[in-house]
Every structure is written in structure tokens, then in C-alpha cells.
Amino acid sequence: MRMGDDVDPLLPGNKCIAIFGFCDIRRFTDATEILQEGVMLFVNEIGEIVHGIVDRYQGAANKNIGDAFLLVWKFDSDSIMENVETGELQLVPSNKVSQLCDMSLISFLKIVGMTKRSRKMKKYANHAGLNKRMPNYEVKMGFGLHQGWAIEGALGSFYKIDASYLSPNVNMASKLEETTKTYDSPILVSGALYSHFTDACKRECRQIDNVIFHGHENATALYTCDI
């Protein structure tokens, strides 16, 4: 990135509110050892599904981190207000806000369905090496969804810049994805996001626990959506 380009690394970030989705490919280390050079195509074919569906449902791909993807659904300025007592940003309840929240969950449900139906994914389910290492192999992913504030901006230096979101809420989405393994559930949604779903979407979810994550004082309500 050269000086004078559109992105300047020496500018402060902007505070925003967004939905953060984190998804991870299961058994990726095993898949890498078996597929070797082919693992790049494997990840990119999954990324094609993930990015395409998220884009269709008003989200954006932010980062590809090896076996994981960070997705973001950002609320526009009309949907955000400042709390006069705390000075914090918060969402203005509206149909538009609830619909975007619904679409984040719908995106992940669609990804699960598309991964099961995709011809490209079926070739991995029939891959002799993968099935020898992991009998009855199929491509599976874990998903975490959370809503909250973040600092949006350019992260890096004169030589390499990434558009990034920094906040404990981004980390929470990652923690939720990691926790899906504990509950043997592919999707976990935080109470912060669930509270903004439409009634129709809430009816498709069920609460499975309240958890205090390391570094957090308050419990996080965990919801899932049966697939």
C-alpha cells in the first residue's frame, strides 16, 4: 500500500455496531495432512459458498484466517443512537434492524444446507484418503454469531493494510464458535443478538445455557437453532 492510496493507515478508527459471525472448518488439521497442496482449493471452495451466501444476505466477508472466516453485518447510521446516560452506542429497535439480525442467522443456516448439497463438497465426502482418516467424512463447520460495538478501520502499516474490526465483541463471536464443540451444536447465537430477532426467528431458536466466559463479568445467554 503506497502513500496516496485510498486507505491511510495513520487515521483513527470509527466506532460502529455490527453483527459478527465466525465460522470454522471442522477437522481442518486432518484435512490438510491428507489433501496437502489440494487444501487451498478445499478452503476456497468452502469460501465460495460462505462468501456468496453472506453477500446475498446483506453481509460482507472481512477476514479469511486459514480454516476460519469472519463475516460482518454492519448497521447503518439510521439504526444507531447514542445512549445519553452512558454515552454508548446502541441499536434503535426497528423492523430493519430485526431483519438484518435474522439474515445473519439465515445465512449460516443456508451455508449448512449448501455445504450438504454442493457437488464440490461431495467429492470430499467420497475422498478415499479423508475417509480412511475420518470414516464417513463430510465437510462440517461451526458457527458463532454475536452483536455489539467495534472499532472499524485500517490495521497494519505502510507495507500491508487490512480493513479490520477490533473489539471484545469480535472475540466473542470466535468464542461462541469454539463453544459449539462443547455443546455439539453447529450454531451458537448470543443473547445480545437473539434479543433483536423477529418473533418468527426467535421461535426457531432455543436457549441451551448461560455461560460466563473468561474475562467477562456477566453471563452470556447461548441459543441454538436446530438443523
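Miscellaneous remarks
- When shorter helices are ignored and each DSSP H run of at least 4 residues is given -39500 (n - 2.57), the per-residue value for the chain at 222 nm works out to -11500 deg cm²/dmol.
- One way to sum up the overall shape of region 68-146 is the equivalent ellipsoid from its Cα gyration tensor, whose semi-axes run 41, 13, 8 Å, largest first.
- Residues whose amide H falls under 5 Å from that of Thr220, counting only those 5 or more places apart or on a different chain, are Val211, Ile212, Phe213, with hydrogens built in the peptide plane.
- Shape call, region 176-227: gyration tensor on alpha carbons, a/c limit 1.5: oblate
- Direction-averaged projected area, Cα convex hull, the chain: 14.6 nm², rounded to one decimal.
- Note on surface exposure: Lys120, Lys175 rank Lys120, Lys175 by accessible area, highest first, 1.4 Å probe.
- The chain: most fluctuating residue of Phe28, Phe213, Phe197 per GNM, C-alpha cutoff 10 Å: Phe213
- Between region 181-227 and region 101-169, the Cα center-to-center distance that results, in Å: 18 Å
- Relative to the longest principal axis of the Cα atoms of the chain, the long axis of helix 168-183 makes an angle of roughly 40 degrees.
- Against the compact-protein benchmark of 2.2 N^0.38 Å, the Cα-based radius of gyration of region 1-109 scales to 1.37.
- Of His146, His216, His51, the one that fluctuates the most in a GNM where the chain has Cα springs shorter than 10 Å: His216
- Nearest 10 degrees, 0 to 90: helix 95-117 Cα axis against the chain principal axis: 10 degrees
- Too-long pairs where the Cα-Cα distance tops 28 Å, listed order kept, from Lys132/Lys175; Lys120/Lys160; Lys74/Lys110; Lys123/Lys202; Lys116/Lys160: Lys132/Lys175; Lys120/Lys160; Lys123/Lys202; Lys116/Lys160
- Percent RCO, i.e. relative contact order, over the chain, from Cα pairs under 8 Å lying at least 6 residues apart: 25 percent
- As a calculated quantity, the FRET efficiency between Arg26 and Lys202 at R0 = 30 Å, using C-beta atoms, amounts to about 0.65.
- Alpha-carbon Debye profile of region 111-227, log10 I(q)/I(0) at 0.23, 0.24 Å⁻¹: -1.19, -1.25
- Toward the positive end of the charge dipole of region 114-227, with +1 on the Cβ of Lys and Arg and -1 on the Cβ of Asp and Glu, the farthest Cα among Pro135, Gly191, Gly148 is that of Pro135.
The values are calculated or read from the model by the stated rules, or taken from the named source; none is laboratory data. As the structure is a prediction and not an experimental result, all values here were calculated from the model. Here the Cβ is made from the backbone with ideal geometry for all residues, glycine too, and neighbour counts use every protein chain on show. Surface areas here come from the heavy atoms of the whole protein model, side chains and all, with no ligands, DNA or RNA. Shrake-Rupley method; radii C 1.70, N 1.55, O 1.52, S 1.80 Å.
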